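Worksheet: the structure to be examined is printed underneath.
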Amino acid sequence: MSERMNCREAIELLQDYLKQELTPESADLITAHLQRCRHCFDHAEYERKFLLMLERKAGGQCCPERLRLKILARLRTPDPS
């Protein structure tokens, strides 16, 4: 990744950025990009509001443990196709 992030790089990392799952250095690069790029800033705001809405609608509910284990097992199983 370069010292200046481009739009493609910013969008690829946007979800991790919004969930605060990036290194401070990567987060700083995206923040700087969003300050320069109105298009990406608008996209980030839309995504941020969407995530907030999902969190509110979920009301703190978690996936049932049994379902979570089934999903994880399925993800670990190689695709037969």
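The values are calculated or read from the model by the stated rules, or taken from the named source; none is laboratory data. Keep in mind that what you see is a predicted model, and the values were worked out from it rather than measured. As a convention, Cβ positions derive from the backbone with ideal geometry for all residues, glycine included, and neighbour counts pool all protein chains shown. These area figures cover heavy atoms from the full protein model, side chains too; ligands, DNA and RNA do not enter into them. Shrake-Rupley method; radii C 1.70, N 1.55, O 1.52, S 1.80 Å.
Values for this structure:
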{"read-out": "All positions within segment 9-38 that are hydroxyl-bearing (S, T, Y) and under 19 Å from K49 (Cβ atoms)", "value": "Y17, T31"}
{"read-out": "Where R38 falls short, out of the listed (1) in contact (Cβ under 8 Å) with a residue 24 or more places away in the chain; (2) exposed (fewer than 14 other Cβ atoms within 10 Å of the Cβ)", "value": "(1)"}
{"read-out": "Flag for Q15 being over 15 Å from the mean Cα position of the chain (by Cα) and of a type outside the set (D, E, K, R)", "value": "no"}
{"read-out": "Residue under evaluation E45, criteria (1) within 29 Å of E9 (Cβ to Cβ); (2) out of contact with any helix residue (DSSP H, G or I) (no Cβ under 6 Å at 6 or more places or on another chain); (3) of a type in the set (D, E, K, R); (4) open to solvent by 80 Å² or more (accessible area, probe 1.4 Å), criterion not met", "value": "(4)"}
{"read-out": "Some residue of segment 52-64 being open to solvent by 90 Å² or more (accessible area, probe 1.4 Å) and modelled with pLDDT of 90 or more", "value": "no"}
{"read-out": "Pairs where the first residue, in segment 3-32, is within 15 Å of E47 (Cβ to Cβ) and in contact (Cβ under 8 Å) with a residue 12 or more places away in the chain and the second is of a type in the set (D, E) and surrounded by 13 or more Cβ atoms within 10 Å (Cβ to Cβ), C-beta under 8 Å, 6+ apart", "value": "L14/E47; Q15/E47; L18/E47"}
